[in-house]
Amino acid sequence: MTRIAVSTLVLVALVAGVAAYFLTGSLLGSLPPLGWGWVTLPVVALIDVLLALRIRSAISDGGVGQDRSQMHPLTIARCAALGQASAVLGAAAGGLGVGLVLYFAPRLGELAAASAELPPSVAVLVSGALLVGAGLFLESSCETPPSDDDVGGLAQST
């Protein structure tokens, strides 16, 4: 599995931010308030970090294998996919937060909903950034360490 590209995360955040900015103006009266829905993002980020720490520990201790007492390699591969998905979700949430902050911040004095929606929008932005970091940390924790035989990808001289 290849690592997720930073350009992909930037593109997802950009699309989500532009969509949030322009759709908020046209759908503001029919959208429900953001409220506390953003709280799930840091919870997922915490789970990602805990999984990453557990996987790093298993890899460094040699506890990866198919024995019941070891962490199965397929579980690590699934965690890598979870890390990538978390990073993409975090980029989308962060972009959404940026779009909402850019929409509500200049309208604080003229729009009544702006003062109520700006703090949750900032929370979505920060939570999305945390989730991107945690997802990338989980993904990098699932990489196979280089073996002792590897010489940095260079051929050995004979």
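Summary table
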quantity: Segment 42-64 - residue that is outside any helix (DSSP H, G or I) and on the phi < 0 side of the Ramachandran plot and, of those, surrounded by the most Cβ atoms within 10 Å (Cβ to Cβ); calculated: VAL64
quantity: Whichever residue in segment 1-21 is touching a helix residue (DSSP H, G or I) at 6+ places or on another chain (Cβ under 8 Å), open to solvent by 100 Å² or more (accessible area, probe 1.4 Å) and more than 17 Å from GLY133 (Cβ to Cβ) and, among such residues, is modelled with the highest pLDDT; calculated: LEU14
quantity: Residue match in segment 136-145 (condition: modelled with pLDDT of 90 or more and either open to solvent by 60 Å² or more (accessible area, probe 1.4 Å) or of a type in the set (Asp, Glu) (or both)); calculated: yes
quantity: Only one of ALA85, ALA92, ALA81, ALA116 that is part of a helix (DSSP H, G or I), at pLDDT below 90 and open to solvent by 30 Å² or more (accessible area, probe 1.4 Å); calculated: ALA116
quantity: Filter pass, LEU89 being under 20 Å from THR8 (Cα atoms) and among the aliphatic types (A, V, I, L, M); calculated: yes
quantity: Close pairs from segment 108-122: first farther than 18 Å from GLY95 by Cβ, partner exposed (fewer than 12 other Cβ atoms within 10 Å of the Cβ) and hydrophobic (A, V, I, L, M, F, W, C), Cβ under 7 Å, at least 6 apart; calculated: ALA114/LEU108; SER115/LEU108
quantity: Test for GLY99: is it small (Gly, Ala, Ser) and farther than 26 Å from LEU41 by Cα; calculated: no
quantity: Residues satisfying the stated conditions in segment 78-103, i.e. of a type in the set (A, V, I, L, M, F, W, C) and within 23 Å of ALA52 (Cβ to Cβ); calculated: CYS79, ALA80, ALA81, LEU82, ALA85, ALA87, VAL88, LEU89, ALA91, ALA92, ALA93
quantity: Among the candidates SER127, SER69, SER30, residue that is among the small types (Gly, Ala, Ser) and either crowded, with 21+ Cβ neighbours inside 10 Å or part of a helix (DSSP H, G or I) (or both); calculated: SER127
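The values are calculated or read from the model by the stated rules, or taken from the named source; none is laboratory data. Note that the structure is predicted; figures quoted are calculated from it, not measured. Cβ: placed from backbone, ideal geometry, glycine included. Neighbour counts: every protein chain shown. Surface areas here come from the heavy atoms of the whole protein model, side chains and all, with no ligands, DNA or RNA. Shrake-Rupley method; radii C 1.70, N 1.55, O 1.52, S 1.80 Å.
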